[in-house]
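Down below is the structure, laid out as structure tokens.
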Amino acid sequence: MVLKSKENSVGAWAFLIGVVLAVIIGVTTPSFLPIDFVARYSKQIYAILVLLGIVVGSTINVEGKDSQTFLIAGAILVVVSKFGMESVTGSLIGIGIGDTVVSTFSALLALFVPATIIVSVKTVFSIAKV
């Protein structure tokens, strides 16, 4: 019988839902696959992504080496997504998928920036041990 840990289930589900929402936002941009609902409620969907990022950052239980791994991966993802948004705009615009890639990167940023900030603040407080 396999026992599963329940300590990170909320953070893991929030992370999974956020990544799926980010991909859906990226694919459903008006230039690629127009879905009127996503275009109409994109501000609210991005707000949901930010809230999911806050949930991921506050509920995920990363300590020690896991915290360092999460912060390095999160920082790399944020930096690469931001630079990818800027470079993809010019290079893939002729193919017609530039807007799709930029939209996906920006949705991933909306999810990962709050999560990375919260985990980094928690890590700094644990190092300071005030």
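The values are calculated or read from the model by the stated rules, or taken from the named source; none is laboratory data. What you are looking at is a predicted structure, and each value in this text was computed from that prediction instead of being measured. Methodologically, a virtual Cβ is constructed for each residue, glycine included, from the backbone with ideal geometry; neighbour enumeration extends over all protein chains shown.
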Quiz prompt | Out of 50, 56, 38, 62, sole residue that is modelled with pLDDT under 75, hydrophobic (A, V, I, L, M, F, W, C) and closer than 16 Å to residue 11 by Cβ | solution = 62
Self-check item: Options 88, 78: the member that is closer than 22 Å to residue 24 by Cβ and at pLDDT 80 or above
Solution: 78
Quiz item: Any residue in the range 66-75 that is crowded, with 18+ Cβ neighbours inside 10 Å, in contact with a Ser or Thr (Cβ under 9 Å, 6 or more places away or on another chain), in contact (Cβ under 8 Å) with a residue 12 or more places away in the chain and under 13 Å from residue 25 (Cβ atoms)?
Solution: no
Quiz prompt | Condition met for residue 100 (farther than 18 Å from residue 10 by Cβ, crowded, with 18+ Cβ neighbours inside 10 Å, modelled with pLDDT under 80 and in contact with an Asp or Glu (Cβ under 6 Å, 6 or more places away or on another chain)) | solution = no
Quiz item: Pick from the range 48-65 the residues that are part of a helix (DSSP H, G or I) and more than 12 Å from the chain's Cα centre (by Cα): which of them is surrounded by the most Cβ atoms within 10 Å (Cβ to Cβ)?
Solution: 59
Quiz item: Is it the case that residue 127 is closer than 26 Å to residue 9 by Cβ, modelled with pLDDT of 80 or more and loosely packed, with under 12 Cβ neighbours inside 10 Å?
Solution: no
Exercise. With the condition kept exactly as written, say whether any residue in the range 9-25 is touching a Pro at 6+ places or on another chain (Cβ under 8 Å), of a type in the set (A, V, I, L, M, F, W, C) and either on the phi < 0 side of the Ramachandran plot or at pLDDT 85 or above (or both).
Key: no
